[in-house]
1. Filter the range 458-482 down to residues that are loosely packed, with under 15 Cβ neighbours inside 10 Å and under 27 Å from residue 378 (Cβ atoms), then give me how many there are.
2. Please name all residue pairs, on different chains or six or more residues apart, with Cβ atoms under 6 Å, provided the first residue is in the range 296-319 and is under 12 Å from residue 394 (Cα atoms) and the second residue is assigned to a helix (DSSP H, G or I) and within 12 Å of the ligand (Cβ to nearest atom).
3. Please go through the range 412-428 and give me each residue that is part of a loop (DSSP other than H, G, I, E, B) and without any contact (Cβ under 8 Å) to a residue 24 or more places away in the chain, ordered by number.
4. With the structure loaded, tell me whether residue 218 is out of contact with any strand residue (DSSP E or B) (no Cβ under 7 Å at 6 or more places or on another chain) and either in contact (Cβ under 8 Å) with a residue 24 or more places away in the chain or surrounded by fewer than 18 Cβ atoms within 10 Å (Cβ to Cβ) (or both) or whether it fails that test.
5. Would it be correct to say that residue 350 is in contact with a helix residue (DSSP H, G or I) (Cβ under 8 Å, 6 or more places away or on another chain), at pLDDT below 95 and under 28 Å from residue 184 (Cα atoms)?
6. How do the pairs read when you match residues in the range 20-39 that are closer than 14 Å to residue 73 by Cβ with residues anywhere that are assigned to a loop (DSSP other than H, G, I, E, B) and at pLDDT 95 or above, using Cβ under 9 Å and keeping only pairs 6 or more apart or on different chains?
7. Are there any helices (runs of 4 or more DSSP H) wholly within the range 473-560 with 3 or more residues that are under 30 Å from residue 119 (Cα atoms), and if so which?
8. Among the numbered criteria (1) over 30 Å from residue 373 (Cα atoms); (2) within 20 Å of the chain's Cα centre (by Cα), which one does residue 445 miss?
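The values are calculated or read from the model by the stated rules, or taken from the named source; none is laboratory data. Since the structure is predicted, the reported quantities are computational estimates derived from the model, not experimental observations. For neighbour counting, all protein chains shown are included, and Cβ atoms are generated from backbone atoms with ideal geometry for every residue, glycine included.
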Ligand code: ARG
């Protein structure tokens with residue numbers, strides 16, 4: 001953060017929660033050294049988590065509730081303990097230059113503090129002058145591998161892929177912004193049984209002309225058709241005469257499809273050549289969708305990349321005594337687990353888990369991460385628990401790194417339709433992702449075409465661009481604003497509402513805030529420099545100004561909380577709150593018509609809020625149109 005020419009010694013502090021936590025840590029330390037507190041230094045971080053924003057501004061800005069659990073452990077009275085900590089806080093200049101003296105514990109030992117007005121003004125000035133809005137990079141930057149999206153290619157992406165893609169992308173942006181070294185890897189399912197179906201289909205019922213015209217459309221047609229033939233479910237065949245005829249002509253199709261996959265895996269020249277031919281088309285198809293979603297990856301190694309390592313995984317784990325044979329197959333038998341983790345089938349084929357183990361070891365060796373995050377459906381949680389446990393006890397080349405690494409399954413719930421059941425088309429098929437994006441944009445276009453927007457005289461191309469941002473933003477935001485662990489109901493009507501916690505509302509809020517400077521002919525850059533150089537030009541006199549300033553400066557703390565739980569919905573929730581506080585401020589107080597320091601303060605708050613909202617949406621991967 002750029003240091004501003006300070007007028008008080010509180011200059012530069014923008015994250016007041018972190019500052020209060022620091023003061024509290026110092027106070028706990030000194031109480032420990034004075035033998036007033038018999039706790040260990042290692043207990044302190046968990047206690048500091050109990051320093052949080054106060055729910056009701058009546059009780060100050062931040063509250064520490066640590067006196068209760070601490071007193072319980074020490075057999076003391078919470079209020080007495082809080083009292084002693086308050087005495088120490090009030091004697092600490094780091095504390096008193098930022099916070100108002102505390103008068104005594106509230107209720108069962110709550111320590112409530114209020115940020116001093118001059119410190120808050122300095123914080124606003126510092127954030128205004130900082131391209132990072134006052135957010136310091138983390139003290140300890142880690143290498144974090146993020147595994148997300150990872151669709152199985154050669155079949156169309158569907159609604160089930162949206163959560164991993166969108167949540168993973170937001171986490172990548174946020175962790176990067178916090179100063180971590182993030183490596184993203186799209187672990188494509190590019191080697192699975194779906195290729196057996198396509199290969200079989202290619203050999204038995206391809207349409208050359210259709211393939212030349214649109215390869216992926218023809219490949220997905222083959223996939224859908226052959227899946228029915230191979231599964232041979234009477235009700236599916238009854239509904240599809242073409243599949244039924246094929247199934248009749250090829251009663252062994254199910255077995256033959258598996259054989260095609262096996263041949264590919266064994267290196268059969270013909271199947272390998274076809275795979276090499278199909279893959280670029282499959283990749284282009286998903287790239288197009290990622291392009292619309294503004295999602296990129298550092299690597300897309302895919303399952304196929306790790307195939308040469310799979311036999312070694314099985315030999316290694318067997319030699320280490322972790323894996324053994326059971327009914328012809330080979331599995332890892334873990335303590336307390338009923339089902340083993342299968343790594344080789346009786347027919348010699350390797351499995352999903354084998355690839356994940358090879359991938360983990362490869363990543364550990366080549367990228368040496370401190371953490372790997374897997375953003376994958378909650379139904380795979382047992383798989384990941386077993387893979388993680390196996391990897392940790394595996395004495396491979398990267399063993400040390402593997403044992404030290406944090407491995408996290410960032411799980412999420414299912415997307416439901418408005419009927420509360422898994423989201424399906426009327427025919428019962430998975431909803432295609434591309435069609436979903438198209439519908440979102442189309443519906444957004446109808447909104448963008450209404451009233452105000454039309455009056456602003458946007459031309460057709462601009463309207464289309466705004467609709468793309470609003471429609472796709474709506475789909476992303478609806479997902480990100482849910483607690484990721486629960487299922488959520490997909491509803492275009494709700495996600496495109498202009499009021500409420502939606503992308504459209506937030507995008508509109510940014511346009512509204514940023515429009516103020518434009519209307520006043522304000523040079524925003526000059527304003528920032530002026531304020532940063534002279535924090536005394538900020539005076540927070542009205543409670544609405546004060547609350548807005550405090551909320552805008554919470555960005556760093558919110559991102560810290562998002563990282564702690566991998567929950568982007570904490571970011572959307574705070575952005576929504578910030579937009580609401582801005583409305584209360586702006587509806588009540590004149591900005592351009594104000595004068596002197598009041599005008600500077602309010603313009604600075606508008607500028608800071610606008611930039612903060614924009615930054616927040618960018619960290620979620622949501623585009624913000626310049627006008628709406
Ligand atoms: N391709 C898998 C699926 O569609 C997801 C892969 C997730 N990542 C991983 N390393 N297993 O279910």
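1. 0
2. 313/354; 313/357; 313/358
3. Selection gives 419, 421, 425, 426, 427, 428.
4. Against the criterion (out of contact with any strand residue (DSSP E or B) (no Cβ under 7 Å at 6 or more places or on another chain) and either in contact (Cβ under 8 Å) with a residue 24 or more places away in the chain or surrounded by fewer than 18 Cβ atoms within 10 Å (Cβ to Cβ) (or both)), residue 218 does not qualify.
5. Yes.
6. Short answer, once both residue conditions are applied: 28/66.
7. 503-519, 524-533, 543-552
8. (2)
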